[in-house]
Structure formats: structure tokens, C-alpha cells
Amino acid sequence: MSKAAATATDRSDPPVIPAHVAIIMDGNGRWAAARGLPRAEGHRRGVEALRRVVRAANDIGIQYLTIFSFSSENWTRPKSEIGDLFGLLRRFIRNDLASLHRDGVRVRVIGERDRLERDLCAMLDEAQELTRDNTKLNLVVAFNYGSRQEIANAAQRLAREVAEGKRDPATIDIETLGRYLDAPDIPDPDLIIRTSGEQRLSNFLMWQAAYSELVFVPIHWPDFDKAALEGAIAEYARRERRFGGLAAKTGS
Ligand code: IPE
Ligand code: IPE
Ligand code: MG
């Protein structure tokens, strides 16, 4: 995909669709509080937004959609809320896996498995296995995910290979470390969207976000829809990515 010559005003350019969009789905609790509803209702409505956005991403032709569903730090929330969030993930897989599969969506899961219950791990494996040959949208679910943990795990595996005499430390470069992350075959996100107005990464894809375009939208996640996704993509299309080099355009 080349967007070197794209500008917001040049209507003859084809639309610029990012290959990989990652979303920090934030604001469920505040959405609920603003309506006098329990936080759990915000999370439930958040799953409805997720359904809409997966369908929209598939329609738009996005290749990879990564969604931040539960962070390594979300364990600090009350037990009951953690239970709600885990219940929603289980229900999402149980209710939506068949239709995702029908729509050609390939499900991937990143994050740590060690604190997750065995049956939940089995559900996640089943979702990945069932959809592994699908060729439309790749839906990457970041669950119990933290970027620092992901990088530390990669470092630990590499250190073990060095200690066992299987690796020369001099071979550990950017590409090598990248191959030891959770989903090495997935390209870095082109666009990271965070809803709810917060402007931080909260330990999401910090390695992979080195040159991602960040778009912060003021609406809470349960209100996010196809139009909001298209709005964020339009904002992305107006950006000029330089990757440390010089602007591709001349005469401006
Ligand atoms: C996002 O909404 C869902 C998760 C973090 C799992 P929040 O629950 O963070 O909602 P706010 O930020 O408190 O409004
Ligand atoms: C980030 O949102 C995690 C997810 C969306 C799953 P948080 O609501 O947990 O992030 P902070 O605490 O506001 O940074
Ligand atoms: Mg939040």
C-alpha cells in the first residue's frame, strides 16, 4: 500500500485504508456512569460496539484489527468487574464465533495465558483453530495483554537460548527480538485508535507502535461505530508518515 502522494484535498486519490488498525476500547465505565447504569452495562454495550466495528472493519477491507480487551493491569479492578469482563469474553466467543467464521474472520489471541482458567484457554484455542484458514479480516484479541510483559517474555526466551549455548548474544537485534513477541507474523499497526478521550497507550503494543499513527477520539467505546472508524481512518489518511526520513512529497 502506497500513500506517499495522498493528501486530504486530492479527491482523485484512492482511499487510504490502513492494513492494521489497533483499538484501545476505553470508556465503558464512564459511558455507564453518565447514564446512571452499572459499569457492567457499559461493558455489555461495549461488546455490541465491538460486533459493529468488526463487521465495519471487514467491510472496509482492513486486514488486521487488534482490540485491547483486558490489560495485565486490569487485574487490579474489583473481582466482580473482572468476572464481568471474563464472562463477556466467554459469551462473545460462544455466541459470535460461528458468525465470525462464516464472515471469513481469522481470530488470533495475544497476551499471557498463565492466569487464565483452563476452559477459557481451550475456548481461545478453539477459536484460533476453527478460523485459522480464513482469509478476510484478522481479528487479534489482546486479552490479559501487556506490552512490557510481552517484551520481557521475549527477552527471557532469548536469554534462555544464550544460557543453553544455542544462541550468540550478537545475533539479538531488532528483527530477532520482534520474532519472539506474541504474533511475529502480524505487521505493526498503522493506526492506533483510543476512545474516551484518554491520550496514552496504557501498556498496549509499545514495541509495535514505534511508527503507528495515534488517533484519540472523544467518544466512549459503547458509542463507537462504523462512522467513527471511518472518521479515524480519514484522520490517518491526512497524516504524513515519515518513518524518520524526509517527506515523500516535493513542492510543499
Ligand atoms: C474499557 O472501559 C474496558 C476495559 C478496560 C476492560 P473502562 O472499563 O476502562 O471504562 P472507564 O475508562 O472506566 O470509563
Ligand atoms: C486500557 O484501558 C485497557 C483496555 C482498554 C483493555 P484502561 O482503562 O485499563 O487504561 P487506564 O487505566 O485508563 O490507563
Ligand atoms: Mg478505562
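The values are calculated or read from the model by the stated rules, or taken from the named source; none is laboratory data. Given the structure is predicted, the values throughout are model-derived calculations rather than measurements. Virtual Cβ from ideal backbone geometry, glycine too; neighbours counted across all protein chains shown.
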Which of the residues belonging to the range 74-96 are surrounded by fewer than 17 Cβ atoms within 10 Å (Cβ to Cβ) and among the charged types (D, E, K, R)?
ARG77, LYS79, GLU81, ARG90, ARG91, ARG94
Could you give every pair whose Cβ atoms fall below 7 Å, whose first residue belongs to the range 162-190 and is free of Cβ contacts under 8 Å to residues at least 60 places away in the same chain, and whose second residue is among the acidic types (Asp, Glu) and not in a loop (DSSP other than H, G, I, E, B), counting only separations of at least 6 or pairs across chains?
ARG167/GLU161; LEU181/GLU150
Can you tell me how many residues within the range 83-119 are more than 18 Å from the chain's Cα centre (by Cα), within 28 Å of TRP207 (Cα to Cα) and at pLDDT 95 or above?
2
Considering only residues that are at positive phi and modelled with pLDDT of 95 or more, which ones fall in the range 194-252?
SER196, GLY197, SER202, ASN203, LEU205, PHE243, GLY244
Residues ILE110, ILE62: which one is touching an Asp or Glu at 6+ places or on another chain (Cβ under 7 Å), more than 16 Å from ligand 3 (Cβ to nearest atom), of a type in the set (Val, Ile, Thr) and within 19 Å of ALA183 (Cα to Cα)?
ILE110
Residues that are away from ligand 2 (no atom under 12 Å from the Cβ) and either touching a His at 6+ places or on another chain (Cβ under 9 Å) or in a strand (DSSP E or B) (or both), drawn from the range 174-199
ILE186, PRO187, ASP188, PRO189, ASP190, LEU191
If I filter the range 180-208 down to residues being within 11 Å of the chain's Cα centre (by Cα) and within 13 Å of ligand 3 (Cβ to nearest atom), which single residue comes out as surrounded by the most Cβ atoms within 10 Å (Cβ to Cβ)?
ARG194
Among the residues of the range 61-73, are any crowded, with 17+ Cβ neighbours inside 10 Å, within 16 Å of ligand 1 (Cβ to nearest atom), of a type in the set (S, T, N, Q) and assigned to a helix (DSSP H, G or I)?
yes
Out of the range 16-58, which residues are acidic (Asp, Glu) and within 11 Å of ligand 1 (Cβ to nearest atom)?
ASP26
Just to verify a result, which residue in the range 139-179, among those that are surrounded by fewer than 17 Cβ atoms within 10 Å (Cβ to Cβ) and among the hydroxyl-bearing types (Ser, Thr, Tyr), is farthest from LEU89 (Cα to Cα)?
THR171
Residues satisfying the stated conditions in the range 200-216, i.e. in a loop (DSSP other than H, G, I, E, B) and in contact with an Asp or Glu (Cβ under 9 Å, 6 or more places away or on another chain)
SER202, ASN203, LEU205, MET206, TRP207, SER212
Counting only residues that are away from ligand 1 (no atom under 16 Å from the Cβ), under 30 Å from LYS79 (Cβ atoms) and part of a helix (DSSP H, G or I), how many does the range 94-143 have?
15
